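To start, the structure under review is shown below, and the notes come after it.
The values are calculated or read from the model by the stated rules, or taken from the named source; none is laboratory data. No experiment lies behind these values; they were computed from the predicted model shown. Cβ: placed from backbone, ideal geometry, glycine included. Neighbour counts: every protein chain shown.
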Amino acid sequence: MRFKLYVITKNHQVLINPQEVISTPTETIINRYQQVREQSIQICKPLRKEDYVVQPVVDVSPPKWHLGHTTWFFETFVLKELQPGYKVFDPDYNFMFNSYYETVGARVIRTDRGNMSRPGIDDVYAYREYVDQHMLEFLKQEESTPRMEYIIEIGLQHEQQHQELLITDIKYILGNNPLFPAYFSQKPESTSSDLPQPLGENYQEVPEGIYEIGHGEKGFCFDNEKGRHKVYLHDFKYLDRLVTVGEYLEFMQEGGYRDFRFWLSDGWTWVNENDIKAPFYWYEMEDGWHSYTLYGLQKINLSEPITHISYYEADAYALWKGKRLLTEFEWEVACYENCPKVSPSHNFMDTNRYHPQTMQGENMQFLGDVWEWTGSAYLPYPNFEKEEGALGEYNGKFMINQMVLRGGSCATPRDHIRPTYRNFFQPHLRWQFTGIRLAQSL
């Protein structure tokens, strides 16, 4: 089977990367399909049946829903559209597991996903097995079309996005259980709060100039990375590591959450209306601050990157330090300057830590560990085009009231990230592994 990744526009087909046509043997894509699908199952293995249906807040979806939705994606956009005679597993599942695709039809509203006691988790796993069986039979076919090949790749990338959401949603579910149950049975390599913090604040300078931004290399990218274009950047410098827990604790101890001078107006309102005093998952106890991790409740580690903070908190901390956040364009230039490719030292999902780690050697932590808030609003690049049909709803319609994050996290699949990858969330959200890198104009 030959794979050519296309974007289907209204009047013509355009290669996702015009410089490359990807030729992938059938066996390779089948192995990749099985590996990605199996990874979702492995993430859920430590769960008990009761964990699969919990939805504490609107931003968190039950693990059962993630498993069903990623399966629904392949059934809806591959098998139903491209496999003649395919019989759906259950006609009601289109309503149950559609997320936000208006084109595909009605769906359970997001806030009600936790009310889905039926279908049961055994039914959802049977659904996955049914669709996987038909998908594997489908992938063994010799004939293919650009449309099919593109949608399969989107489906795999989509499932990897939900694997990260599975991890962070599971953490929210367990972390809001009064017993603070651990997801992992063993403690992490180090949980000590007495480890030395990185010494000094070393900044790297980037000269002013015109730089190219956006995806222009070989391989897959999402539509929001496309539209490679030039930007002019003034001289700036950036911290060669992430801000640590210990450094953020200083901000807290010096009254950072009580001083309006460091906060955006919306952020100051958010802090006061929600009585925010610390990062998410932090609890002050008799022997000091603790945080909930997937290893259970642990004393904070001063050397680890600060995480689970909102954009408001990241921006306030930067202002308190007399610095600012990088723009997403500055971040991309700095990342390519130091680590254009993923390396074994980067802390991603496959390390099975699901937790940020202290800085390792000369690794500047641009990729992995925590998503880095940038000072850039999530907007389209020049000449951005939405695809026709349901897949055109994937990214474009969310380009409002959200901020860009870069770099991936300890819950991101390693082969899913790249320097041009653009994540985005509303500025008040904290349940993802989100952190800070400081910058300063020169």
Practice item. Answer yes if at least one residue in the stretch 309-323 is modelled with pLDDT of 95 or more and under 19 Å from Gly368 (Cβ atoms), and no otherwise. Key: yes
Study note, to complete from the structure: Taking first residues from the stretch 70-89 that are over 17 Å from Arg37 (Cβ atoms) and second residues anywhere that are crowded, with 22+ Cβ neighbours inside 10 Å, the pairs with Cβ under 7 Å that are 6 or more apart or on different chains are Val88/Glu75
Review point. Given the residues Leu325, Leu297, Leu249, Leu302, which is the only one that is of a type in the set (A, V, I, L, M) and under 20 Å from the mean Cα position of the chain (by Cα)?
Key: Leu325
Revision key, fill the gap. Per the filter on the stretch 268-277, residues surrounded by 14 or more Cβ atoms within 10 Å (Cβ to Cβ) and among the β-branched types (Val, Ile, Thr) are Val271, Ile276
Exercise for review: Determine whether the stretch 37-50 contains at least one residue that is outside any helix (DSSP H, G or I), of a type outside the set (D, E, K, R) and on the phi < 0 side of the Ramachandran plot.
Suggested key: yes
Practice item. State which residue is farthest from Phe366 (Cα to Cα) when the search covers only the stretch 278-287 and only residues that are of a type outside the set (A, V, I, L, M) and either over 27 Å from the mean Cα position of the chain (by Cα) or exposed (fewer than 12 other Cβ atoms within 10 Å of the Cβ) (or both). Key: Glu286
Exercise for review: Can you tell me which residue among Ser265, Ser291 is among the hydroxyl-bearing types (Ser, Thr, Tyr), modelled with pLDDT of 95 or more, assigned by TED's automatic domain parsing to the domain that holds Gln365 and crowded, with 17+ Cβ neighbours inside 10 Å?
Suggested key: Ser291
Practice item. Just name the residue that is surrounded by the fewest Cβ atoms within 10 Å (Cβ to Cβ) out of those in the stretch 222-262 that are in contact with a His (Cβ under 7 Å, 6 or more places away or on another chain) and outside any helix (DSSP H, G or I). Key: Arg228
